[in-house]
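Take a look at the structure below.
The numbers here are math on the coordinates, done by the rules we state, and not lab data. Computed from a predicted structure; not experimentally measured. In this analysis, Cβ positions are derived from the backbone assuming ideal geometry, glycine residues included, and neighbour counts consider all displayed protein chains.
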Amino acid sequence: MAGIRAGLTTVVAPHASRPPGRGEGRGAGALFASRECRGDYPVTMRAVDHVVVTGLMASGKTTVGQLLAHRLGWAWRDSDIDIETATGSTVRQLRDHDGVDAMHAREAAQLLGALRAPEPSVISAAASVIDGATTRAALRRPGVAVIWLHASPELLARRFDSTDEHRPAYGDDPATFLAQQAAQREPLLSEIGAHVLDVDGRTPDQLVAQAMKALG
């Protein structure tokens, strides 16, 4: 049965029901907040105002974040959508034109802006937000919970599609690149108290159920 790692603790979670499909969130505007796209009722968690769902490329941040927002009845924000709405360019185009550092700066700014929103939300954030001291401090703030989607480099490489116009391309060996990214970023997760969900062998619904259990 699926489990969630939060430090050294393993929690077993039930299966979740499935809301509307993933594609409904990819459209004009950054806020996924219409009544039709929310759950049947808003879930109140006084200790948590924002849930940040992140992980390496192809780990499922958008899918799981959107499903979790639906389950909670909260607004949904997505880094790629917010950035493209603000700039008119995909993150891949920004990386190619402005460079990796500029792309990461926009991803950090998107997270910080989303965390300032007064209404509860689920934020599908770029993995690069783990890198900076300022964004890590924001992720440690009271009222912010972090879900990190951990997947094996082999699974991520199978999902990885460098022809996706929204996803930056990183050479012909994505498994090696993604393994390096995991080695760089995942040791920082304990600093922000992230709940780590193992993606391999689990459906998005199961991951949402694990996240709900972790959030209490």
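Below is a table of values for the structure above.
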quantity	calculated
Burial ordering of M103, M212, fewest other beta-carbon atoms within 10 Å first	M212, M103
Relative contact order [Cα under 8 Å, 6+ residues apart], segment 84-199, whole percent	32
Chain lengthening between A47 and L112 when straightened (0.36 nm per residue, less Cα-Cα)	21.5 nm
Extension gain from E119 to D172, taking 0.36 nm per residue of separation minus the Cα-Cα distance	14.9 nm
Distance (nanometres) between label positions extended 7 Å along Cα→Cβ at T203 and D98	3.9
